[in-house]
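Take a look at the structure below.
The values are calculated or read from the model by the stated rules, or taken from the named source; none is laboratory data. Remember, predicted model here, so these are calculated numbers, not experimental data. As a convention, Cβ positions derive from the backbone with ideal geometry for all residues, glycine included, and neighbour counts pool all protein chains shown. Accessible surface is based on the protein model in full, side chains and every heavy atom, while ligands, DNA and RNA are left aside. Shrake-Rupley method; radii C 1.70, N 1.55, O 1.52, S 1.80 Å.
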Amino acid sequence: MKDIHHYLVQRLRTKVRAKSKIKEIAQQLYAIDKGMKAGFLWDVGCLQMDEVSDLINSLKHANLLQDTLVVVQIGAETADEFGVCRMNRFVGEQLRPVIIDVSEGHVEPRIADQRVATVCNGMLDLLKTQLEIIRSTDDPQSTPTVMWSLADGLCRTSAYGMFIGYPIVYWYNTELTQENCLSHVPLTVFQAGTKEHGNTPFSPLLSFSVPNVLLKEPTVNNAIALWKEHNASKDLDCITFSRVFSTVIM
């Protein structure tokens, strides 16, 4: 990771003023490259999608990243929403995330019904198809860009969570409101990150929450257990803590 960080400092210091942002970019790209994380929403550094594609391409040519990283445009409306993932992230059997319905009006969060799960699984299948097309190309670009089209009115929070690789993903009915039912609901936050070494503190690479009321649900419990097992195989630390927020914005 240090080599990637050093390279990015030299490449981005005139474009990205905050040193902490360059470090975050280095951490996220390293984590995806090593399979520690499924995807990263690019919302740091004020870089455009084509600039990120060129940046990743240069990292590959410097032998600092594998050739499997791709840039994904999320939705067809604008190139401002995009992220980075590995084109082979769906190779083999993939576990589906547990979808939790947090639509406003519910007394408390609940496991989403089959209709919602089908829509979300369809989104994942579409991304998988696009990535498989790139993988099967005989002469792909060094850093190809994939278009992940999303249906109108789709809950973007769910799309973002699935792209990042959360085992638990929130969904709410965007046709009615942009609000949710998580205000003042006790949540358990799960974080995974690199282990502390010397003066280097725990640095989370991924963070998601689960309503406490659903922690004993078998599907939720199983998803979290498998997530922890994966993190252990990558030598990552996991921490949990409780939070209650007066307002939860997605």
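Selection of segment 120-162 for residues being charged (D, E, K, R) and assigned to a loop (DSSP other than H, G, I, E, B) yields Asp138, Asp139, Asp152.
I'm trying to understand the selection: among the residues of segment 140-161, which are open to solvent by 20 Å² or more (accessible area, probe 1.4 Å), of a type outside the set (S, T, N, Q) and modelled with pLDDT under 90? Can you show your working first?
Initial filter on segment 140-161 (open to solvent by 20 Å² or more (accessible area, probe 1.4 Å)): 140-142, 145, 147, 149, 151-154, 156-157, 160.
Checking the rest, the ones that are also of a type outside the set (S, T, N, Q) come to 140, 147, 151-154, 156, 160.
Scanning segment 140-161 gives Pro140, Ala151, Asp152, Gly153, Leu154.
For segment 69-99, taking the residues that are charged (D, E, K, R) and in contact with a helix residue (DSSP H, G or I) (Cβ under 9 Å, 6 or more places away or on another chain), the one that is nearest to Val169 (Cα to Cα) is identified as Arg96.
The rows are residues; the columns are (1) open to solvent by 30 Å² or more (accessible area, probe 1.4 Å); (2) closer than 21 Å to Val146 by Cβ; (3) touching a Gly at 6+ places or on another chain (Cβ under 9 Å); (4) not in a helix (DSSP H, G or I).
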{"residue": "Asp3", "(1), (2), (3), (4)": "yes, no, no, no"}
{"residue": "Arg11", "(1), (2), (3), (4)": "yes, no, no, no"}
{"residue": "Lys23", "(1), (2), (3), (4)": "yes, no, no, no"}
{"residue": "Phe40", "(1), (2), (3), (4)": "no, yes, yes, yes"}
{"residue": "Leu64", "(1), (2), (3), (4)": "yes, no, no, yes"}
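Pairs are defined by a Cβ separation below 6 Å, a sequence spacing of at least 6 or placement on different chains, a first member in segment 124-139 that is open to solvent by 60 Å² or more (accessible area, probe 1.4 Å), and a second member that is modelled with pLDDT under 90; the pairs so defined are Lys128/Phe90; Arg135/Met87.
The one condition from (1) modelled with pLDDT of 90 or more; (2) in contact with a Lys or Arg (Cβ under 8 Å, 6 or more places away or on another chain); (3) among the β-branched types (Val, Ile, Thr) that Thr68 does not meet is (1).
Within segment 206-250, if we keep just the residues that are among the acidic types (Asp, Glu) and in contact with a strand residue (DSSP E or B) (Cβ under 7 Å, 6 or more places away or on another chain), the residue that is farthest from Cys181 (Cα to Cα) turns out to be Asp237.
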